[in-house]
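Let me begin by presenting the structure, written as structure tokens, before commenting on it.
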Amino acid sequence: MQLSHEAYREVKCALERYKTAIEKTNLRASTKKTYIHHADTFVRWLTGDFEPGKAKAKRI
């Protein structure tokens with residue numbers, strides 16, 4: 001998926017606000033990590049860096 005530079009900046013800014021909001025909660029550390037991981041994955045999908053159902057390539 002292709003995003004304009006402006007849209008990408010807005011999404012990244014919103015993601016950082018979301019992460020800050022999550023970190024301020026009383027959620028368990030593992031729950032916070034899960035919330036943030038899934039939000040990061042969504043942004044990766046928006047930018048074409050993630051494809052659902054595809055396994056990560058093994059790094060050598």
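A short reminder: the numbers here are calculations on the coordinates, not readings from a lab. Remember, predicted model here, so these are calculated numbers, not experimental data. Cβ atoms come from the backbone with ideal geometry, glycine included; neighbour counts cover every protein chain shown.
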| query | Once the other residues with Cβ under 13 Å from the Cβ of Thr25 are scored (Lys, Arg +1; Asp, Glu -1), what is the net sum? | reply | +4
| said: Which residue fluctuates most in the GNM of the chain (Cα springs below 10 Å): Lys12, Lys32, Lys24? | reply: Lys24
| query | What's the extension gain from Ser30 to Thr47 if we count 0.36 nm per residue and subtract their Cα-Cα distance? | reply | 3.5 nm
| field | For the chain, the spread of Cα positions along each principal axis, largest first, Å | value | 34, 33, 20
| query | Under a point spin-label approximation (7 Å from Cα along Cα-to-Cβ), what is the Glu6-Ala39 distance to one decimal in nm? | reply | 2.4
| said: Positive end of the dipole of the chain, charges at C-beta (+1 Lys, Arg; -1 Asp, Glu), about the Cα centre: which of Pro52, Ala7, Leu27 has its Cα farthest in that direction? | reply: Leu27
| note | A correct fewest-to-most ranking of Asp49, Asp40 by other Cβ atoms within 10 Å would be Asp49, Asp40
